């Protein structure tokens with residue numbers, strides 16, 4: 001084999017290896033998305049409520065989607081709002097029935113039965129089901145591992161949060177400051193908000209600032225790996 005032929009074979013091999021690496025990288029990007037993207041999930045607990053329509057209006061105005069973890073009786077009262085958030089592509093999940101630690105964990109099955117109840121109510125309203133759940137007060141420290149496993153076996157996707165805005169006691173400026181402080185150097189964040197007037201009043205500002213800092217705001221969907229305290 002001549003030196004010229006060897007060089008041609010070597011160059012061809014190098015080209016082929018480079019092509020394989022490029023194709024492989026493209027496939028991974030297609031499957032998993034841009035690993036460097038910054039994503040924010042804005043979530044709302046305790047609704048639906050008299051504030052939900054205003055929250056959805058603000059989200060729509062900014063062309064983003066949020067995620068709502070809803071209480072069973074509130075879904076029954078605000079059926080039209082549940083239908084709206086579901087039909088418009090917002091994330092929809094459940095936050096239980098009682099929102100009471102003693103009732104939630106009075107036995108091994110009471111917690112999961114609360115979320116089964118929520119799912120039945122949601123189905124009766126929308127004709128659909130959801131596997132997204134957020135345990136009242138978080139999946140730790142109150143939830144036993146045996147109960148957590150029941151949720152996993154049931155197929156529920158347990159979501160907690162990475163940023164607690166403490167909006168139940170904070171001013172609007174403090175809520176925004178909490179987000180900015182705890183979001184620093186994080187490419188993926190799950191923001192905990194509640195349905196109240198302070199959240200309504202500062203939501204537009206939150207969205208604007210997140211966008212300015214390069215975050216894409218997305219709803220939580222069932223194809224995502226849950227972020228929780230386990």
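The simple spin-label model puts a point 7 Å past each Cα toward its Cβ; for residue 212 and residue 57 those points are separated by 2.4 nm. Put in order of Cβ neighbour count within 10 Å, fewest first, the listed residues 206, 101, 191 become 101, 206, 191. Residue order for 194, 95, fewest other beta carbons within 10 angstrom first, comes to 194, 95.
Each part reduced to its alpha carbon centroid, segment 180-220 and segment 39-69 end up 11 Å apart. Distance distribution note for segment 137-200: the fraction of Cα pairs above 17 angstrom is 53%. Averaging over every viewing direction, what projected area does the convex hull of the Cα atoms of segment 36-217 cover, in nm²? So the Cα hull casts an average projection of 10.3 nm². For segment 79-122, the Kirkwood radius over C-alpha pairs fed into Stokes-Einstein at 4 °C and 1.567 mPa s yields D = 112 µm² per second.
Applying 1/(1 + (r/R0)^6) with R0 = 35 Å to the Cβ-Cβ distance of residue 204 and residue 154 gives a FRET efficiency near 0.40.
Every number in this text was worked out from the coordinates using simple rules, so none of it is lab data. Remember, it's a predicted structure, so these values are computed and weren't measured experimentally. Don't worry about glycine lacking a Cβ; one is built from the backbone with ideal geometry, like all the others, and counts go over all protein chains shown.
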